[in-house]
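The values are calculated or read from the model by the stated rules, or taken from the named source; none is laboratory data. The structure displayed is predicted, hence computed values, not measured ones. Heads up, the Cβs are rebuilt from the backbone with ideal geometry, glycines too, and the neighbour counts pull from every protein chain shown. Surface accessibility is based on the protein's heavy atoms, side chains included, excluding ligands, DNA and RNA. Shrake-Rupley method; radii C 1.70, N 1.55, O 1.52, S 1.80 Å.
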Amino acid sequence: MKLFPILALSSLAATPLLAEQTRQQDAHEHGVGQLNIAFDGDQVAMEFHAPGSDIVGFEYAAESQADLAAIDAAITTLSSPLALFAISPAAGCTVDSALAELEAEADHEDEHDHDDHDHDHDHDHDHDEIDHEEEGHKDDHDDHDAHDSEEDAGHTEFHAEYLLNCADPAAIQEITFAYFGTFPNAKEVEVQIISDAGATSFEVERDAPVMDLRGKL
């Protein structure tokens, strides 16, 4: 998904705000989502990330029909940005594009498996006693792999990108996070904004779900 304007992303990447946000994303803190917003003329681009537990209540690999249905329903809900992040009506914003998906961070498993294969190959010429020790060592690796799989299952997240067209972006005074009412497990959204006025950040919490943008754009 590449809806986010390249220039806006470049501007955000150059700021300490986004660097800090990236570190927070790496921590994958349950209850906390991240929202990037870029204003470019009459367009508003938004990129959103949230842990799977915030959205569907779990982060393991879905297999049951109920879990799969919950993910499908969540993706449908996340594909309606103005129902989750309500922008001042006077701005006249409409959705141009909206895409949402569930992502899993398990790429390092392949690298780990490759390392195990090389380790076994290097010891093929050893005696039976060494082979026996390797078998025990392999069991340890199997346990470690299972632990890694559990951790990987705990690092799934939903990702969405939106592109809005606004008749009068200057009229945007606030954004109301109906998102919290839709997803009970969500507690906070860390927001990064880039506009002609520069870059700024907000922390929007469940008990104060309105982000005041007056004088910020």
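When residues of segment 168-181 are filtered for being open to solvent by 60 Å² or more (accessible area, probe 1.4 Å) and more than 17 Å from residue 89 (Cα to Cα), how many remain? Reasoning before the result, please.
Just the residues of segment 168-181 that are open to solvent by 60 Å² or more (accessible area, probe 1.4 Å), to begin with: 168, 170, 173-174, 181.
If we keep only those that are more than 17 Å from residue 89 (Cα to Cα) too, we end up with 181.
Count: 1.
Got a sec? Which of 69, 74 is small (Gly, Ala, Ser), farther than 19 Å from residue 169 by Cβ, open to solvent by less than 50 Å² (accessible area, probe 1.4 Å) and assigned to a helix (DSSP H, G or I)?
On the way: 69 fails: open to solvent by less than 50 Å² (accessible area, probe 1.4 Å).
Only one candidate qualifies: 74.
Is it the case that residue 102 is more than 24 Å from residue 201 (Cα to Cα) and at pLDDT 95 or above? Break it down stepwise before answering.
Numbers: more than 24 Å from residue 201 (Cα to Cα): yes; at pLDDT 95 or above: yes.
Judged against the criteria, residue 102 is a match.
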Seminar exercise, completed: Within segment 149-164, restricting to residues that are open to solvent by less than 20 Å² (accessible area, probe 1.4 Å) and farther than 30 Å from residue 88 by Cα, the one that is modelled with the highest pLDDT is 156
For this session: Within segment 10-52, work out how many residues are open to solvent by 10 Å² or more (accessible area, probe 1.4 Å), within 22 Å of residue 183 (Cα to Cα) and at pLDDT below 95.
Result: 7
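Could you run through segment 54-66 and say how many residues are of a type outside the set (A, V, I, L, M) and open to solvent by less than 40 Å² (accessible area, probe 1.4 Å)?
Initially, segment 54-66 is screened for residues of a type outside the set (A, V, I, L, M), giving 54, 57-60, 63-65.
Of the ones still in play, those that are also open to solvent by less than 40 Å² (accessible area, probe 1.4 Å) are 54, 58-59.
Adding up the residues that qualify gives 3.
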Problem set entry | Residues satisfying the stated conditions in segment 183-211, i.e. outside any strand (DSSP E or B) and open to solvent by 60 Å² or more (accessible area, probe 1.4 Å) | 184, 185, 187, 196, 197, 206, 207
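Would you please name the residue that is farthest from residue 101 (Cα to Cα), looking only at residues in segment 56-66 that are outside any helix (DSSP H, G or I) and out of contact with any strand residue (DSSP E or B) (no Cβ under 7 Å at 6 or more places or on another chain)? Lay out the reasoning, then the answer.
As a first pass, look at segment 56-66 and keep what is outside any helix (DSSP H, G or I): 57-64.
Adding the requirement that they be out of contact with any strand residue (DSSP E or B) (no Cβ under 7 Å at 6 or more places or on another chain) leaves 57-58, 60-64.
Working: 57: 16, 58: 15, 60: 15, 61: 14, 62: 14, 63: 17, 64: 18 Å.
Per the criteria, the residue is 64.
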